[in-house]
Amino acid sequence: MAKILVVGSMNMDIVTQVERHPVPGETIQGNETRFFIGGKGANQAVAASRSGASVAMAGALGSDSFGIDIRRELAEARIDLDHVIEKPCMTGLALITIDGAGENNIILSSGANGRYGADEVDQLDLSGFDVILLQNEISSAANQRVLDKAAEQRIPVFMNPAPIDGFDQSQLSKVTFLILNEVEAEELSGIRIEGSSQALEAGKKLLNDGIPHLIITLGSKGSIYMDQAGRQITYPAFSVDVVDTTAAGDTFIGAFAAKYVTGAELPDCLRYATAASALAVSEPGAQSSIPADDQVQSFLTAGNNRTIRLL
Ligand code: RIB
């Protein structure tokens, strides 16, 4: 079976429900606060594993009880944790508010994720992995070293430049597959995206900059795949009741990668990933909301079919 390595973040998400997000200087009443296992790297690893892939995680946890909780949950999700190290500091934290429409605001405190650097990547043996997934929640130096080592060993890297704040654009030159949302695509292309036509324009600009393959996810408007061979595929979103959008993008990426490594056709990978992220937004939390393969398959066979457009 093809193997996926996720090099990235693991966080404890502290999530409070609010009717609306506060404005600067304002104090508001929250409803309920819950703790969920999260972090973009770990979420993508869980999504890929629940979608049927063989997955290993590399990154750093802190020496606190959150680190123990996260390790236990990722092991339960059948993720190989041999490359997860411990740092003498706190585990990464995400302070999240979810409003009445299911939209989130996230404040990150990087903790051990920020201390995972190039030296740690030097200890990592990439051989034996077929695809590597990266995000922007560990140090930029670590990501750069992964990209360099992967390029030497010709291992494709899927990059999710999230959060886009502080993302080093020079890293794009070694990326095989860029998967990003409309906000990130706007930032990297300089093109304001209001709908799929501007998203296509932004995608063309990124392809012209040398990205081999890319997907722009557009929330309720679906997603667009584009590549250097001129292929363009658009896929609409499923309509579901949104409870919490946290980890929707991570679920899409992990699920997409899991199907892609099996050699599945691109439209089928997009269809599967879109269904997985629709299920993820229907439930609260990050990893708690990521569906298993059988749930995605049932959702798709229950008549939730969409027409793919090859442009
Ligand atoms: O993408 C969602 C994730 O972003 C959350 O789980 C949180 O930990 C932040 O990293």
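Yes or no: the range 153-167 includes at least one residue that is in a helix (DSSP H, G or I) and within 23 Å of residue 40 (Cα to Cα).
Within the range 153-167, the subset in a helix (DSSP H, G or I) is none.
The answer is no, given that none of the residues of the range 153-167 is in a helix (DSSP H, G or I) and within 23 Å of residue 40 (Cα to Cα).
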> Tell me, which residue of the range 122-146 that is buried (at least 23 other Cβ atoms within 10 Å of the Cβ) and in a helix (DSSP H, G or I) is farthest from the ligand (Cβ to nearest atom)?
Replying inline: 146
> Counting just the residues of the range 261-271 that are within 16 Å of residue 224 (Cα to Cα) and not hydrophobic (A, V, I, L, M, F, W, C), which one comes out farthest from the ligand (Cβ to nearest atom)?
Replying inline: 265
>> Please pick out the residue among 101, 141 that is more than 20 Å from residue 38 (Cα to Cα) and touching a helix residue (DSSP H, G or I) at 6+ places or on another chain (Cβ under 7 Å).
In response: 141
> Mind checking which residues of the range 1-10 are assigned to a strand (DSSP E or B), touching an Asp or Glu at 6+ places or on another chain (Cβ under 9 Å) and of a type in the set (A, V, I, L, M)?
Replying inline: 4, 5
> Filtering the range 61-85 down to residues that are assigned to a strand (DSSP E or B) and touching a Lys or Arg at 6+ places or on another chain (Cβ under 9 Å), which residue is surrounded by the most Cβ atoms within 10 Å (Cβ to Cβ)?
Replying inline: 61
> Is it fair to say residue 104 is surrounded by 21 or more Cβ atoms within 10 Å (Cβ to Cβ) and polar (S, T, N, Q)?
Replying inline: no
> Failed condition for residue 206, given (1) within 16 Å of the ligand (Cβ to nearest atom); (2) over 30 Å from residue 79 (Cα atoms), with all others met?
Replying inline: (1)
>> Every residue in the range 1-46 that is within 17 Å of the chain's Cα centre (by Cα) and closer than 14 Å to residue 244 by Cα, please.
In response: 13, 36, 38
>> Can you find, within the range 86-111, the residue that is nearest to residue 247 (Cα to Cα) among those that are without any contact (Cβ under 8 Å) to a residue 60 or more places away in the chain and away from the ligand (no atom under 12 Å from the Cβ)?
In response: 90
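Yes or no, residue by residue, for (1) touching a strand residue (DSSP E or B) at 6+ places or on another chain (Cβ under 9 Å); (2) aromatic (Phe, Trp, Tyr); (3) within 13 Å of the ligand (Cβ to nearest atom); (4) not in a strand (DSSP E or B):
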| site | (1), (2), (3), (4) |
| --- | --- |
| 12 | yes, no, yes, no |
| 19 | no, no, no, yes |
| 22 | yes, no, no, yes |
| 31 | yes, no, no, yes |
| 34 | yes, no, yes, no |
| 41 | yes, no, yes, yes |
> Looking at the range 1-10, which of its residues are hydrophobic (A, V, I, L, M, F, W, C) and more than 16 Å from the ligand (Cβ to nearest atom)?
Replying inline: 1, 2, 4, 5
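Can you tell me which residue among 218, 207, 214 is hydrophobic (A, V, I, L, M, F, W, C), more than 27 Å from residue 243 (Cα to Cα) and touching a residue at least 24 places away in the same chain (Cβ under 8 Å)?
Every option except 214 fails the conditions.
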>> Anything in the range 90-121 that is assigned to a loop (DSSP other than H, G, I, E, B) and more than 19 Å from residue 164 (Cα to Cα)? List them, or say none.
In response: 90, 91, 99, 100, 101, 102
>> I need the full set of residues from the range 281-311 which are under 15 Å from residue 46 (Cβ atoms), assigned to a helix (DSSP H, G or I) and modelled with pLDDT of 95 or more, in order please.
In response: 293, 295, 296
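The values are calculated or read from the model by the stated rules, or taken from the named source; none is laboratory data. Here the structure is a predicted model, which is why all the values come from computation and not from measurement. No Cβ is skipped: glycine too gets one built from the backbone with ideal geometry, and neighbour counts run over all protein chains shown.
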